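Data first, discussion second: the structure below is written as C-alpha cells.
The values are calculated or read from the model by the stated rules, or taken from the named source; none is laboratory data. Since the model is a prediction, treat every value here as computed from it, not as a measurement. Glycine also receives a Cβ, built like all others from the backbone with ideal geometry; neighbour counts cover every protein chain displayed. We work out accessible area using only protein heavy atoms, side chains counted, and drop any ligands, DNA or RNA first. Shrake-Rupley method; radii C 1.70, N 1.55, O 1.52, S 1.80 Å.
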Amino acid sequence: MTDSRAPVPAGFDPKQAHVTAQWRADAPLVCCRFEPKGRFVFCGLESAVVERFALADGKKVPFAGGHESWVFSLAFSHDGARTYTGGGDGRVTVWETASDAPRPVQKIEAHRGWVRAMSMSPDGAFLATGGNDRLVKIWHAATGSLARELKGHAGHVYSLEFSPDGKTLFSGDLMGVVNLWEVATGRLMGSLDAKALHTYEGGQQVDFGGVRGLAIAPDAKLIAAGGLHKASNPLGAVHEPLVLLFDGQSHKQTRTLLADAITGGVVWRLRFLADGSLMGACGGSNGGILLFWKTDADKDFHRFTLPNILRDMDLHPDGLRVATSHHDRHVRITRLGPKSA
Amino acid sequence: MKCTYSCNGAEHAMARRQFLAGIAASAGLGGLGVFTSPLAAEQLSSRRKRVVVFNMHGGLSQLESWDPKPGTETGGPFRSIETSVPGIRISELLPEVARQMHHLCLVRGVNTSEDDHGKGAYMMLTGRRQTPAADYPYLGAVCAKAMAPGDSPLPGHIVITPGGGGGRGADSAYLGPRYSSIALGNGKPPQNTTRPGQVTESIDSARNDFRKRVSDRFLSRRRTAVTEAYVYSYEQAAKLMSKRDAFDVSREPARDQDRYGKYDLARHCLLARRLLEQGATFVQVSHSNYDTHNENFNFHIEQLGEFDHAFATFVADLAERGMLDSTLIVVLSEFGRTPNINLYYGRDHWSRAWTVVMAGAKVQRGIAHGKTNAKGTEVVDGQVDHANLFHTYLQAVGVDSTDNFDVEGRDVPIADPASRLIKQVLS
C-alpha cells in the first residue's frame, strides 16, 4: 500500500494551536463538519435546523425544513455540491451546499431511530449511514437509492469510516464492536474488539460508552477507535477518555492511548493529522479539549483547552484548521499553528 | 435493593431490614383494627381490589415520556406520536404504550416541590412530606392493611426490585412489620421460604406440632396482641411456603414469557401479573435507573425501550383478562427531570412540573388531566401534588382515604387530612 499521507502544511504545529474565529449559532451545537471545498462549516444543533457558517466572514445561513429532530450527522458529496444531514427522525436530507436559500432537495427515510453517523466513500459513489436500529446502510450517493443493508450490530451504530481505498467500511457501535464490511458485497469481513470502550454498569443497569469516534490513517496502517472508559457512574458523567489503536492489517489492538486527569471526558471524534499524529476531540466536565497523541506513545503529547465543553470536531481539508461544536452555542475554528503564520 | 443513582441521594442509603431469620418476624405488632368505620372494612373485603405501582427509579423524564414538547428548546430530539386517544400525544419512545392510551390517565400537572431523591420518593410513596416528628407507612403497607384479606396466603405488600436480594422493607411505620414490604430481588421468590434440605417433612411437621402445643398452652393463660402476632407469623410463613410457586414466573405459559420478552423488566411485569392473579393485593415493580444527569436521551432510549413493551403488554393483558376494573396501575418516580438540557446532554432533577400515570379501578380511561406550559417548566392547569395523588390512589380502589386507621386504639389518618383527592380523574 502506498503512503497516501498529505504533505504537512506550512506552519503546522499543534502546540501553538489557537482559536481564530467563533460564531454563535441559535442553539447549543451537536455536530460540525467542513464541506470538502473548505468554504463552509455546517453545524447540527439542539434544534431541527442546521446552520452553515462561511469561513471567510462567518455569515450564517439556516437550513430549515429538513428534519423533525436534531441533526446528529453530516456528510458531503465529493465535489461539495451536496450536503447530507442525518437526523434523530431517522431521515437523511439532501441539500445544495452553497445555496443562499437552502431547501431540502431530497428526503430519505433511512433508519428507524436516529441517524447517528454518516460517511462518504472516497470515490464519492456511496453514502454510508448508521442508526439506532443497529443497521448500517449504504446508499447510492447520486440518487439516494439503497445499495446495501448491513446487519450485524448488537447496539446502536455510533461511528462510520470508509477505508482510504474505499473497499472496506468500518462501523463502531455502543457495545464496543467495530465491524468491517466489504463494500462491494456487503459481507461482514470481521471485527475489531473495542469492548474496552463499553461499560455495563450493574447498579444503574445501563449500557454506556461505545465507539464514539473512528479514524483510519491515510496509509490504512492504523485504525483508531475512541470513546470512554472507567465509567463508574455513567448517569453522572464520571468516566475518562480512551482511544484504542489497532493494526490496519492484523486488526489486533496495538496500543492504548490515554489522557490523564480528565474526569468526565469522552472522545467524540478522532482525526489523523498530516504528520501522522492523532487528534481527539474530548468533551466532559473538564471542558472541551483537543488531545494530540503520537501513535508510538501512550500519553498525549499536547492538549489544547477550548473555552467550553465540546461535542464534535472536524479537520479542514487544509489540514491546519479545526472546527469544534460547543454547548455554549458556538462553533470555534482553531488553527494548529502559530498566530503569525 | 441498593439503587444506584448518579447523585448520592439519601434513598440510596436506605437500609433494608433482614428477613429476621426467616419469615417468623413478619408478625404484625401494629394496630389490630383497620378502620375506624367497620362498614368500610366490610365493603372492602367483598371487593378484592389490587394495586400495582411501577416505580421509575431515579426520576423519569416527563419530556421523554408522557409530556413531550417537541420542537421547543427544552424538547430534546424526540418527536411526539399519536396515541389511541385522539388529541393525546406522548413521546415516540413509547409506541406500544401509545396504543394502550385509551386505558390510561395522564396526570400532567404534578408539582411536588422536592428535588431530593430520598425525600421525593418518600413523598410519592407515603403521600406525606418527611419530618423528624413522624414516620408514615408506604402505599403498599397502607394497601396491605386496608385491602388485603386477613387469610391471604400471599404477603400484602410485595416489591419486585431490579436486582439485589430479598428481605423486608422498613416501610410500614406505625402499621407494624406485618405490612412491611417483602422484596423479590430480581424477581426471585422470597428468601428463606424453602425447607432446609436436612430437615425432612416429617421432622418439620413434628417440630411445628410441638411448637403449636407449647404455644397453645401459653396462649390459654396469656393472650396479648404480641402473642397473637407471634402466632400469625408462623401461620403466614407456612402459607407462604405452601404458595412459593406463586413467585415462580417460569410457571407462566411459554407463550406469555415470549410475549413479554426475555429481559428483567419483562419478567418482572409478568411476575406482577401472576402475583395479582394469585391474589396479591399490592405489587410494586421498580425499574432502574432514570437519574440521567448525563446523556439523558441515550439512556431514555435504553430504559424506555424496555419499559414500553413490558408495560404495554401488562396493561393490555389486564384489560383483556378483565382485571383492569379491579386493579389500579400507577407509574411514578420521585420527580421528573429538568426541561433545561445540561452540558452533558443530561437533564437534572425537576419536581415543579411532571407527570404521574394511572390506570384501572375507578380511574377515568383515556384522559390527560393538567397541563404544563409550552416549555414544560411550570404547571399551568390542574396542579396536584403527592398528597392529592395518594388520596386518589386509595379512593380509586375504594378505600376512603379520609378515614382513619385504628392503631392500638388511636385514630391515625390514612392520608394527609389537609389534602384531598383529584376528583376529575375518577369516574
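Going toward the positive end of the dipole of the protein assembly as shown, with +1 on Lys and Arg Cβ and -1 on Asp and Glu Cβ, which of A:LEU160, A:LEU320, B:VAL249 do you reach last?
Ranked along the dipole, the leading option is B:VAL249.
What are the ³J(HN,Hα) couplings of segment A:241-254, residue after residue, when phi is run through the Karplus curve with 6.51, -1.76, 1.60 and θ = phi - 60°? Round to Hz, x for glycine and proline.
For segment A:241-254, the Karplus-derived couplings read x, 8, 10, 10, 9, 10, 6, x, 9, 7, 6, 8, 6, 10 Hz, x marking Gly and Pro.
Probe radius 1.4 Å, ligands and nucleic acids ignored: give me the carbon and sulfur share of the accessible area of segment B:304-370 as a rounded percent.
46
Suppose R0 equals 25 Å. What FRET efficiency, 1/(1 + (r/R0)^6) with r the Cβ-Cβ distance, do A:ALA147 and A:ARG39 give to the nearest 0.05?
0.30
Using 0.36 nm per residue, how much length does the chain from B:THR377 to B:THR72 gain when fully extended, once their Cα-Cα distance is taken away? Intermediate results must be reported in sequence, preceding the final value.
Numbers: separation 305, 0.36 × 305 = 109.80 nm, distance 1.16 nm.
Between B:THR377 and B:THR72, full extension yields an extra 108.6 nm.
Mind checking the mean number of beta-carbon atoms from other chains within 10 Å of the Cβ atoms in B:72-79?
The per-residue average across the peptide is 5.
I need the P(r) histogram for segment A:186-341: all alpha carbon pairs, bin width 10 Å from 0 out to the longest distance, whole percents.
Per 10 Å bin, starting at zero, the Cα-Cα P(r) for segment A:186-341 comes out as 11, 40, 34, 13, 2, 0 percent.
If you fit an axis through the alpha-carbon atoms of helix B:386-396 and take the longest principal axis of the Cα set of chain B, what angle between them do you get, 0 to 90°, nearest 10?
60
So for chain B, taking the charge dipole from beta-carbon charges (+1 Lys/Arg, -1 Asp/Glu), which of B:TYR263, B:TYR138, B:LEU175 sits furthest toward the positive end?
B:LEU175
To the nearest 20 debye, what charge dipole does segment A:1-66 have about its Cα centre, counting +1 at the Cβ of each Lys and Arg and -1 at the Cβ of each Asp and Glu?
120
Ignoring ligands, DNA and RNA, what accessible area per residue does segment B:63-184 give at 1.4 Å, in Å²?
Working: 3570 Å² over 122 residues.
Accessible area per residue, segment B:63-184: 29 Å².
Arranged from highest to lowest average of other beta-carbon atoms within 10 Å per residue, in what order do the peptides A:330-338, A:67-75 appear?
Averaged packing, sorted descending, gives the order A:67-75, A:330-338.
Full extension from A:LYS60 to A:SER232: what is 0.36 nm times the residue separation minus their Cα-Cα distance, to one decimal in nm?
In short, 57.9 nm is gained.
Only counting protein heavy atoms at a 1.4 Å probe, give the residues of segment A:188-214, ordered by number, whose accessible area falls by 40 Å² or more when the other protein chains are present relative to the chain alone.
So the qualifying set is A:GLY203, A:GLN204, A:GLN205.
In debye, nearest 20: dipole of chain B around its Cα centre with unit charges on the Cβ of K, R (+) and D, E (-)?
It comes to approximately 1180 debye.
Show me you know the interface measure: the accessible area buried between A and B, both chains summed, probe 1.4 Å, in Å² to the nearest 100.
2600
With r as the distance between the Cβ atoms of A:LYS221 and B:SER202 and R0 = 60 Å, compute the FRET efficiency 1/(1 + (r/R0)^6) and round to 0.05.
Rounded to the nearest 0.05, the efficiency is 0.20.
When ranked by the protection proxy of mean other Cβ atoms within 10 Å per residue, highest first, what sequence do the peptides B:419-427, B:345-353 form?
Those peptides, ordered most packed to least, come out B:345-353, B:419-427.
For A:GLN253 paired with A:ALA297, estimate the spin-label separation in nm (one decimal), with each label point 7 Å from Cα along the Cα-to-Cβ line.
Each label point lies 7 Å from its Cα, and together they span 2.2 nm.
Taking H placed 1.01 Å from N in the peptide plane, check which residues at least 5 places from B:MET323 or on another chain put their amide H under 5 Å from its amide H.
Result for B:MET323 returns nothing.
Tell me the carbon and sulfur percent of the accessible area for segment A:257-341, rounded to whole percent, probe radius 1.4 Å.
About 49 percent, which is the carbon plus sulfur part of the accessible surface.
Could you tell me the distance between the Cα centroids of segment A:206-246 and segment B:307-375, to the nearest Å?
Rounded to whole Å, the Cα centres lie 35 Å apart.
Report the charge-dipole magnitude of segment B:211-351 in Debye, nearest 20, computed about the Cα centre from +1 at each Lys and Arg Cβ and -1 at each Asp and Glu Cβ.
Result for segment B:211-351 is approximately 1320 debye, rounded to the nearest 20.
Could you work out [θ]222 nm for chain B from helices alone, using -39500 (n - 2.57) per DSSP H run of at least four and dividing by all its residues? Round to the nearest 500 deg cm²/dmol.
So the helix-based figure for chain B works out to -9500 deg cm²/dmol.
For B:PHE210 and B:ASP248, what is the calculated FRET efficiency with R₀ set at 30 Å and r taken between the beta-carbons, to the nearest 0.05?
Step by step, r from the Cβ atoms, then E = 0.45.
Could you check how much of the accessible area of segment B:128-167 is carbon and sulfur, as a whole percent, using a 1.4 Å probe?
Within segment B:128-167, the accessible surface is 53 percent carbon and sulfur.
Pick out, from B:ASN208, B:GLN278, B:GLN198, the residue whose Cα sits farthest towards the positive end of the charge dipole of segment B:126-283, with +1 on the Cβ of Lys and Arg and -1 on the Cβ of Asp and Glu.
Toward the positive end, the furthest listed residue is B:ASN208.
Take B:CYS7, A:CYS32 and sort them by solvent-accessible surface of the protein heavy atoms, 1.4 Å probe, largest at the top.
Values: B:CYS7 35, A:CYS32 0 Å².
Most to least solvent-accessible, the answer reads B:CYS7, A:CYS32.
Going by alpha carbons, how many degrees (0 to 90, nearest 10) lie between the helix axis of B:225-242 and the longest principal axis of chain B?
With rounding to tens, the tilt is 70 degrees.
Once ligands and nucleic acids are excluded and a 1.4 Å probe is used, how much of B:SER172 is accessible, expressed in Å² to the nearest 10?
Here the residue's solvent-accessible area equals roughly 10 Å².
Could you go through segment B:148-157 in sequence order and give the Karplus-derived ³J(HN,Hα) for each residue, using 6.51 cos²θ - 1.76 cosθ + 1.60 with θ = phi - 60°, rounded to whole Hz, and x for Gly and Pro?
6, x, x, 9, 5, x, 9, x, x, 9
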